[in-house]
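Below is one structure; the comments refer to it alone.
The values are calculated or read from the model by the stated rules, or taken from the named source; none is laboratory data. Just so you know, these numbers come straight off a predicted model, no measurement behind them. Reconstructed Cβ throughout: ideal geometry from the backbone, glycine too, with neighbour counts over all protein chains shown. All accessible areas refer to the heavy atoms of the entire protein, side chains included, with ligands and DNA or RNA removed. Shrake-Rupley method; radii C 1.70, N 1.55, O 1.52, S 1.80 Å.
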Amino acid sequence: MLLGTPSYMSPEQAVGSGTDKVDARSDVYSLGAVLFRLISGETVHVADDSYRRWFAAATEHARSLVEAAPSTHPSVVAVVDMALMFEKEERWPSASAFLSALRDAKRAVVASSAAPGVAPMGSFISMLNDLKDPD
């Protein structure tokens with residue numbers, strides 16, 4: 001039995017791997033897919049229906065965030081793209097590592113926000129402001 005939303009399903013979940021193959025990196029993928037959607041307004045895999053999104057999740061590498069949202073800061077693209085790597089061994093190893101990278105991306109976006117030609121990331125920065133830095 002396959003449970004989940006195809007648009008946010010990691011490749012190992014989409015192929016129906018057993019629980020021994022699905023781990024925290026699967027959750028990192030799903031969170032990366034949520035961030036992809038929040039930033040771009042699109043799903044990782046473009047498809048007409050849930051079945052095609054499920055099939056794409058199982059067989060296709062995720063497209064880069066920059067394809068869907070070209071004005072996204074490169075540091076944010078790098079963090080989200082790594083979360084969406086097809087091979088789980090290439091993703092962030094844990095939610096903590098992913099969170100740390102998001103904090104670093106936030107600092108890079110804020111530092112460059114005054115630079116000409118850099119698109120503001122208002123809602124993304126607002127969301128990241130809720131991620132408190134550890135004391």
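Key figures for this structure:
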{"read-out": "Environment charge at PHE86 (Cβ cut-off 13 Å; Lys +1, Arg +1, Asp -1, Glu -1)", "value": "-2"}
{"read-out": "Heavy-atom accessible area order for LYS106, LYS21, largest first, 1.4 Å probe", "value": "LYS21, LYS106"}
{"read-out": "In Å², nearest 10: area of ARG103 left accessible to a 1.4 Å probe", "value": "40 Å²"}
{"read-out": "Rounded accessible area per residue of region 1-106, 1.4 Å, Å²", "value": "51 Å²"}
{"read-out": "Cα shape, region 33-114, gyration tensor, a/c 1.5 rule", "value": "oblate"}
{"read-out": "Listed residues TYR8, TYR29, TYR51 arranged by accessible area, highest first, probe 1.4 Å", "value": "TYR51, TYR8, TYR29"}
{"read-out": "For SER112, solvent-accessible area (1.4 Å; no DNA, RNA or ligand), Å²", "value": "20 Å²"}
